[in-house]
Structures are given as structure tokens and as C-alpha cells.
1. Could you name every residue in segment A:95-109 that has 40 Å² or more less accessible surface in the full protein assembly than in its own chain alone (probe 1.4 Å, ligands and nucleic acids excluded)?
2. Can you give the charge dipole size of chain A about its Cα centre, rounded to the nearest 20 debye, using +1 on the beta carbon of Lys and Arg and -1 on the beta carbon of Asp and Glu?
3. I'd like the residues of segment B:79-117 whose 1.4 Å-probe accessible area shrinks by no less than 20 Å² going from the isolated chain to the full set of protein chains.
4. By the scheme Lys and Arg +1, Asp and Glu -1, what is the net charge of all other residues having a beta-carbon under 9 Å from that of A:Cys49?
5. Let me know the charge dipole size of segment A:145-236 about its Cα centre in debye, to the nearest 20, where only the beta-carbon of Lys, Arg (+1) and Asp, Glu (-1) is charged.
6. Report relative contact order for chain A in percent, whole number only (criteria: Cα-Cα under 8 Å, sequence separation at least 6).
7. Give me the dipole magnitude in Debye, nearest 20, for chain B about the Cα centre, with unit charges on the beta carbon: positive for Lys and Arg, negative for Asp and Glu.
8. At 7 Å along the Cα-to-beta-carbon direction for both B:Val162 and A:Asp30, put a label point, then send me their distance in nm to one decimal.
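The values are calculated or read from the model by the stated rules, or taken from the named source; none is laboratory data. Not measured: the values here are computed from a predicted model. Here the Cβ positions follow ideal geometry from the backbone for every residue, glycine too, while neighbour counts run over all protein chains shown. When the accessible area is computed, the model is the full protein with side chains, heavy atoms only, and any ligands, DNA or RNA have been set aside. Shrake-Rupley method; radii C 1.70, N 1.55, O 1.52, S 1.80 Å.
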Amino acid sequence: MIDRPAVPTDPAVHVEHLTVVRGRKRAVDDVSFRLAPGTLVGLLGPSGCGKTTLMRSLVGTQVVASGTIELLGEPAGSPALRDSVGYVTQAPSVYGDLTVQENLSYFATILGASRDSVMRVLADVDLLPHVGSMVGRLSGGERARVSLATALLGSPRLLVLDEPTVGLDPLLRRSLWGLFRRLAAAGTTLLVSSHVMDEAERCQRLLLMREGRILSDTTPDGLLSATGGDDFESAFVALLESGLREGSAPSSGEGEVGP
Amino acid sequence: MSWRRTRATAGRVLRQLRHDPRTVALLVAVPAVLMGLLAWILRGRDHEFDTFGPQLLGIFPLIVMFLVTSVATLRERTSGTLERLLTMPMGKAEFVLGYGIAFGSAAIVQALVVSGLCFGPYGMTVRGDAWLVVVVAVLDALLGTALGLSVSALATTEFQAVQFMPAFILPQLLLCGIIVQRSGLPGVLHWVSYLLPMSYAVDATQQLSTHAVTAQFDLDLAVVGAFLVVSLALGATTLRRRTP
């Protein structure tokens, strides 16, 4: 990681004191953070810790109890954001009874994206050989990639990806993380959730969540040196345990960590 | 409101149907066989098929389309595709109209085939224009689609969705004047029947069976059309971009 002084640009994501109540639980509990444009940020934490709820709040599909969320200078869920924020849900949300191409062409039309972008995103996720296959007959990993390709259509400035690499083989995961880095280098901001800790090293910045709170806002190197662990799995466990001992959720605070 | 997105949605729903030929076959075959069965049951009875045939010709497509639409939209909700579309620049009205157009075109094919059979081999005759019976059948099927769209918002599982058919359609069937003439219904039920769209759909076909042209028919058609527009609008308002 190269330390650069924080660039005084408007954050791509600006969350202030966000609280979301689902049922009787505070699924997201007073969360605040900012993401600089063009950053690849990992949102990590055990399942059920509120990652998905936080992501749904960002894309404007979640009813929030309190707090403010601004994406690209607009409040979350505002119509101006609908063609500039790409979102991938955990379960692939594509039509199983259409072919890969039919799915993408439909979503491209809704987004006003060009026909060329369909082929481009299919190449990005390595699905060109399956262009004419029915999505329902694809493997789980292939279906997840159709869903991911849909979010890449058009030219989103912010991508919110909920566990996009679950169920993929190591080679494919590597190639997708490569794609995420290229997108970030080109100026897209990415928030990628995962519960697989070794994916942390591929991110530029890490938000670690537990029980609805941001436990730590750090970098891969920062996480390793702070906990003295050799790998991310044990580093995260160490962090969880120290958080439990202190009975509070430490956070490195408000600072905007650049790429 | 964008025609491009509405048309894309209608095209997408029709493409899904095309990949499911068995459903398409059932959509046409079920009402065709049922009408054939009715013609057979009433064979030899003086003009009874001419009385009941046109009424049921409107009701079968309504029921079929109600079921198909409520399951299809429920599927959009549970698969996450609806949520995804609503994070995109997709208008709620565009979504609902897209469905209306797609299932409406399926309904036109269905109505043409089934009424072709009724007026042909099944030997049904009406005093009014036969093509108006087809118009009523298509309108009823569209009404079924629109009701299915608005009601599916209340269902969270497939089990619930299919039960809305008996809950929303069967009471209308009992009160629409097929079993007992509406004027013969007990006072309160007679008034309730005025609030139900199927009463007007059935009355329209009754008018066609017995008269050439009536003002009552035009009125019935207008009321069914109004119910259609209102339930499509209701269907659009039940789509939520934000959910708890």
C-alpha cells in the first residue's frame, strides 16, 4: 500500500449515523463512513452481521430508520442514481427462463446501455461461450456471473456487489478481482462484500462489520500489523475477540482513507 | 414514462413464454377444452350453450390470466429481479404496462382460438356481433392480468398466491349473475354485485346473446375498461422500491 495524502474530492459514498431496524433487531447500528472515488473497498464480516442490509440501504431498496446516505452527491435511492449505481444481490437476480444474451439485452435496454456493452461485460466475466445458453441451466457460479455482468452494463460509477465471488473457483475469483481492480483504477468506486477473509488482501480498504457495527475501518496491511496475525482469517478472529473483550466496537473513526 | 422500456418488458415476458411452450399450450388448450366440455354437457338443450357459452367464454380467460400473472409477478419479487429493475431507471407504470401488453397479446391469441372453436365446431350463436364477444373475452383476460398484478403484492409465497384465486375470483363468480340472475339476489348481495367487475363482464356477454346492439353493452364495456385501468394503476402503486 502506498500512502498518499487524502485528495480533497467529494466522497463517492457518504454514510452518516445510519441505523436500520429489521424486525426487533438493529441490523445496522449507527454506521458512518466515507468512500473516496475510485477505491476498491471490501466489506467483510460473518454472515448475519448486516452487510447485505447496509448494501441494500446504499442502493435505496431498504427502508432505513435514521441517518443519511449520499452517493455521488445524491441521496440514496434518488432517480438520478438509477443508471450510475450497479448492484448485485447475493442470490443471482436474473431470469432463469431466458438466455444469457436475452437477459443482458433486456437489462441493457432498461439502463439505456448500448448493444456493444452486452458483449463487453460478457467478455469481462468470461461468459462469451455461454451467450446462447438458458440461464436456468447454467451452474451456480455461471449464474452469479450473469448477475454480475448485468450490474456492469452501462457505465456505473459505483458498484455495490454482495458476495459476487461466492461459489467460484480460485482462477475465476482471481480474474474477477483483477477486473474489480481495473474498474477501480478507471475511477469506479466498488464496495464488495465477502465472508471469505482471504479476499481482504485484494482490497485497498477494509470495512469490518460485526453485529451491525463497523468494527474496524482499515487497510489490509493495517489489519495485519494491528493484530499481529499472519493471515486475514486469524487477524479478523483476533479483532473480533479483542472487540468482544472490550465490550465495544472500536473504529478508526471518520477519516477518509484514500486508495 | 418510456415506451422503449415498456416495449422491452413486454418483449421480455413474451420471450419467457416462448421458452415455456407447455404453458402457452395450456393457456390455449385449457379454456378450449373447457368450452368444448360445456358445449357437450348442454348438447340437445335448447339454446342453453348460446346462453352460458358467451358468459363463460369471458370468465375462463379471466381466471387463467389471473393465476398466470399473479404467479409470474410473485416470481419477479422472490427472485430479486423486480428489486433489481426498480434500482434501475425502470418506471413502475412501465413495468405494469409491459406485463399488461405481453399477457394481453397472449389473451388475444387465446380468445381468438377459443371463440373460433365456439362459433365454429361447438356451434355457438349470438344475436349481437360475434367479434364483440371476442372483444369482451380479451378485455376480461386483460382484467384478469390486471387483478393478478395488483393482488400478487399481497402474497409472499406461491401457496398464498394460488389461494387468492378462490378468494378474489370465486365470490365474483357466485355473484355475477351466472348462477342466479343478479336481480334475484338478496338485497345486500345485489348491491355488492355492482361493485364487482365480473358482473359487468358477464352482463356484457348476456347482452350480446340476446340483443343486437344495446347501450347497456357499451356501458358494461366501459365499466370493465375502468376496472382494468384502476387495477393496473393499483398494481403499479403496490410496487415498492424500498422494502423493510
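1. The answer is A:Tyr95, A:Asp97, A:Leu98, A:Glu102, A:Tyr106, A:Phe107, A:Thr109 - residues whose exposure falls by at least 40 Å² when every protein chain is included.
2. Using only the charged Cβ atoms, the result is roughly 560 debye.
3. Residues losing area: B:Ser79, B:Thr81, B:Glu83, B:Arg84, B:Leu85, B:Thr87, B:Met88, B:Pro89.
4. +2
5. For this selection, approximately 520 debye.
6. Relative contact order, chain A: 27 percent.
7. Using only the charged Cβ atoms, the result is roughly 1100 debye.
8. Simple spin-label model gives 4.9 nm for this pair.
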